[in-house]
1. Could you please find all residues in the range 238-248 being surrounded by 16 or more Cβ atoms within 10 Å (Cβ to Cβ) and either under 21 Å from the mean Cα position of the chain (by Cα) or not in a strand (DSSP E or B) (or both)?
2. Say we look at the range 167-219 and pick out the residues that are buried (at least 24 other Cβ atoms within 10 Å of the Cβ) and among the hydroxyl-bearing types (Ser, Thr, Tyr); which of these is farthest from Asn251 (Cα to Cα)?
3. Take the residues of the range 212-231 that are over 19 Å from the mean Cα position of the chain (by Cα) and part of a strand (DSSP E or B): which is farthest from Gly176 (Cα to Cα)?
4. Just a yes or no: is a residue in the range 72-79 at pLDDT 90 or above, closer than 21 Å to Gln158 by Cα, touching a Gly at 6+ places or on another chain (Cβ under 6 Å) and of a type outside the set (Lys, Arg)?
5. Please state which of the following conditions Ala57 fails to meet, knowing it meets all the rest: (1) at pLDDT 90 or above; (2) surrounded by fewer than 24 Cβ atoms within 10 Å (Cβ to Cβ); (3) among the aliphatic types (A, V, I, L, M).
6. Only residues that are assigned to a loop (DSSP other than H, G, I, E, B) and under 18 Å from Gly120 (Cα atoms): list them for the range 170-209, please.
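The values are calculated or read from the model by the stated rules, or taken from the named source; none is laboratory data. Since the structure is predicted, the reported quantities are computational estimates derived from the model, not experimental observations. Here the Cβ positions follow ideal geometry from the backbone for every residue, glycine too, while neighbour counts run over all protein chains shown.
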Amino acid sequence: MKRTILTSVSTIALFAAAPAAAQNNTSSVTQDGLAQQAEVIQTNTSGSDVTVNQQGADNWTVVRQGAGGENNTATVNQDGADVPPTGVPQSEEPYSQHLSNIADVTQNGDNGSVQVDQSGNNRAQIHQAYAPGEGQSATIDQETVPGDGTENYAATHQRGNDVSADTTQSGGNNRGTVTQQLSGNASSSILQLGNGNEAGVTQSGEDTDGVSSDIDQLGNNNDAFVNQSGVGADSVILQTGDSNVADVGQNGDSY
């Protein structure tokens, strides 16, 4: 197992000497093999970039870009199928042996962007703007390995104004959720293709710019729900084929 940890120890030391000067940091991690782990932590930074590329099986990435900064970007690319260890019994639970791509990204600040691209047995979680902040964007793109019994799970949590979330999933037992709170001009888009799809969006808006949700599910066991509150809420759901279920709840004005 290879383990790479990039922390902000040196960065914190710089801030201690000059606390008013937020720094631009660039962190790049590339790993190729099995059971890879990467952790990148940046605090009080602006205009900083994090890129993690992992190729192989059983990838795990944690990225933390803390409060006090803005215009930070994080990109995580993970590509690897499940490889059960020799002699280890496998159960029906997809993540029983943690054999998947796992990405966990947190950003606090303004105008941050996160992109996660996974292929395999995937889990991705993005938290943005719990400072709170504004101008945050999150993109998750997941693809399972055909015939491998794998599944995609994506969760995006955003808080603040002018936020957007885009989740794309393909095949397997797809589950995608987006939560946007205390937001003006918030948008969410989820596209799921095939098999046991589940999509859920919860949005609360504060002003007339409102919130919007777009869910597309194509084929097989579809299930979607949208819960919106505030002013100027808009929801679109398109489901094609198989066992479709859609539930939309809106509470407010001009929806």
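1. The one that is surrounded by 16 or more Cβ atoms within 10 Å (Cβ to Cβ) and either under 21 Å from the mean Cα position of the chain (by Cα) or not in a strand (DSSP E or B) (or both): Asn244.
2. For the range 167-219, the residue satisfying everything is Thr167.
3. Once the filter is applied, the top-ranked residue is Val231.
4. Yes; the residues of the range 72-79 include at least one that is at pLDDT 90 or above, closer than 21 Å to Gln158 by Cα, touching a Gly at 6+ places or on another chain (Cβ under 6 Å) and of a type outside the set (Lys, Arg).
5. Failed condition: (1).
6. Those that are assigned to a loop (DSSP other than H, G, I, E, B) and under 18 Å from Gly120 (Cα atoms): Gly171, Gly172, Asn173, Asn174, Gly194, Asn195, Gly196, Asn197.
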